[in-house]
1. Among Val86, Val45, Val64, rank each residue by its count of other Cβ atoms within 10 Å, from fewest to most, as a rough exposure measure.
2. How much net charge surrounds Cys127 when only the other residues with a Cβ under 11 Å from the Cβ of Cys127 are counted, with Lys and Arg +1 and Asp and Glu -1?
3. Counting other C-beta atoms within 10 Å, and keeping those with at most 14, which DSSP coil chymotrypsin sites (Phe, Trp or Tyr not before Pro) do you find in the stretch 55-151?
4. For the chain, what is the charge dipole size about the Cα centre, in debye to the nearest 20, if Lys and Arg each add +1 at the Cβ and Asp and Glu each add -1 at the Cβ?
5. In the stretch 21-68, which GluC sites (Glu not before Pro) are in a loop and have at most 14 other Cβ atoms within 10 Å, using DSSP for the loop call?
6. The stretch 102-151 to the stretch 28-89: how many Å between their Cα centroids?
7. Any idea what angle helix 109-120 forms with the longest principal axis of the chain, computed on alpha-carbon atoms, 0 to 90 degrees, nearest 10?
8. List Asp7, Asp116, Asp42 from most exposed to least, where exposure is judged by having the fewest other Cβ atoms within 10 Å.
Amino acid sequence: MILKLRDIFQTEGLKKPVSYEITTEELESIHGYTFAQPVKVDGEVENRAGIVTLRYKVACVLDVECDRCLKPFKQEHTYDFTHTVVPTLHSDNRAYDSYLVAENDSIDMNETAITDLLLMLPTKILCMEECKGLCYICGCDLNESACDCLK
């Protein structure tokens, strides 16, 4: 979704809602994660005293596999994001890395939301914090039963 911001940059006090879904087909190219349903994006972009701010929430459900016991399950995630949006940057200074640049007065919200989401998703996925995993000798799920391999 391309978010056009020309009117937001020009009008102080103006708010524009942002609410849509990123389809699972659009998410298939993301390696390492399988999305069980579309990713929901809800928020708003606002010009307050000449400062344009994008605030939004991303919610997703992943089809995952526990890294310890290999059990498949679904995992829900919800994250809030805030960006200060500027039409251009006049410097290559690294201090400006926190700004979101709206080239040609627009932002590709899919790219922004997916990038933010991927930076927040966990790299280690567990079915439960206390997951015991699998026996490295016989492959028994140690959460469900005990084995005699280690004795």
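1. On the way: Val86 15, Val45 22, Val64 19.
Lowest to highest Cβ neighbour count: Val86, Val64, Val45.
2. Numbers: positive: Arg68, Lys71, Lys74, Lys132; negative: Glu65, Asp67, Glu129, Glu130, Asp141.
Net local charge, Cys127 excluded: -1.
3. On the way: sites: Tyr56, Phe73, Tyr79, Phe81, Tyr96, Tyr99, Tyr136; in loops: Tyr136.
Those satisfying the criteria are Tyr136.
4. Details: 15 positive and 26 negative charges, 65 e Å.
Dipole magnitude for the chain comes out near 320 debye.
5. Working: sites: Glu21, Glu25, Glu26, Glu28, Glu44, Glu46, Glu65; in loops: Glu28.
Here the GluC sites (Glu not before Pro) that fit, given the DSSP loop and packing criteria, are Glu28.
6. First find each Cα centre; the distance between them is then 16 Å.
7. Helix 109-120 and the main axis of the chain meet at about 40 degrees.
8. Details: Asp7 11, Asp116 18, Asp42 14.
By the 10 Å Cβ count, ascending: Asp7, Asp42, Asp116.
Where a number appears in this text, it was derived from the coordinates with a stated rule and is not lab data. Here the structure is a predicted model, which means the values were calculated and not measured. Reconstructed Cβ throughout: ideal geometry from the backbone, glycine too, with neighbour counts over all protein chains shown.
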